[in-house]
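These notes concern the structure reproduced below.
The values are calculated or read from the model by the stated rules, or taken from the named source; none is laboratory data. What you see is a predicted model; the values in this text were computed from it and never measured. All Cβ positions, even for glycine, are placed from backbone atoms using ideal geometry, and neighbour counts span all protein chains on display.
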Amino acid sequence: MEHEVFVPVTVERLREALGDPVRVARAVPGLQQDAGAEPVAGRLKVRVGSHSITYRGAVRVTGRDDGSYAVEGDATETRGTGSVTLALTLRLRDTEAGTTLTFDGTATADGRVTELPQDAVGSAVVRLLNRFAEALGETEEEPEQPEQPEEQPEQPEEQPETPEAVETPEPEEPPAPPVDDFTEPAIPPAEAAHARRTMIGRSAEEVDHAPPRGRYAPVPAPQTVAAGATLRWAAPAAAVVLASAIVVTRVLRKRR
């Protein structure tokens, strides 16, 4: 395979990026780096047409004496037994307003990628190389910023106390008046006073058995008086009146 990509970046800048594995790994589109592994190693998802295949592997970029670079890589499918081997030669050519990158080499693969159309596979590889070259020209080494001394927070200056700022003691509040207990009346009602007066001088037994008076005294049941009882008391009284009348009449007759 052979493919060229133009990048509006100088040759010197691209050589600096290719000599830094961290910047190379940052330029590989979609690479998920493995912790603790080589800089350009991890998982990469490649989309071919309507299919996507995820590979796990590593890529190594090595500079040569003639100014070119050897790009070697190998990877295996994360969900399958297929593998890919890449061996490319990368050359940089200075052109007007930028640099032309030329990829020349071979790539072998087996597994799922061999079941897909070759045109779709070639388009996926070209798209991957274009994005890699563009990202390689955009990556820049982040300049180290000098450490700035920690700023101490400014403390407010102590202001002298003025007579106005001195807090004046607040006057003490007078004690609250005692609250009366309204559960029991302060002055006993007349019935209770009368009951106390009548209980003085009685024995404890009499007080216990004394009937309540006043408001709490029981109401006596109404008594029914029969008509016969009235006549029983009225007859002797009439007899006495009649006898008195007879005696008076006899006394008057004798005086005549």
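Below, the figures for the structure above:
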item	result
Test: residue in segment 157-179 that is at pLDDT 55 or above, surrounded by 10 or more Cβ atoms within 10 Å (Cβ to Cβ) and either on the phi < 0 side of the Ramachandran plot or not aromatic (Phe, Trp, Tyr) (or both)	no
Candidates Gly49, Gly63, Gly42, filtered to the one that is more than 14 Å from Asp110 (Cβ to Cβ) and touching a Phe, Trp or Tyr at 6+ places or on another chain (Cβ under 6 Å)	Gly63
Residue count, segment 55-97 (criterion: surrounded by 15 or more Cβ atoms within 10 Å (Cβ to Cβ) and farther than 23 Å from Glu38 by Cβ)	2
Condition check for Thr100: more than 56 Å from the chain's Cα centre (by Cα), of a type in the set (S, T, N, Q) and closer than 22 Å to Asp20 by Cβ	yes
Residue match in segment 106-120 (condition: exposed (fewer than 14 other Cβ atoms within 10 Å of the Cβ), in contact with a Ser or Thr (Cβ under 6 Å, 6 or more places away or on another chain) and within 19 Å of Gly63 (Cα to Cα))	no
Residue list for segment 1-50, filter: without any contact (Cβ under 8 Å) to a residue 24 or more places away in the chain and outside any loop (DSSP other than H, G, I, E, B)	Glu12, Val22, Ala25, Gln32, Gln33, Ala41, Gly42, Lys45
Those residues of segment 2-49 which are exposed (fewer than 14 other Cβ atoms within 10 Å of the Cβ) and at positive phi, in sequence order	Gly30, Gly36, Gly49
Members of segment 29-60 found to be within 18 Å of Gly122 (Cα to Cα) and not aromatic (Phe, Trp, Tyr), listed by number	Pro29, Leu44, Lys45, Val46, Arg47, Val48, Gly49, Ser50, His51, Ser52, Ile53, Thr54
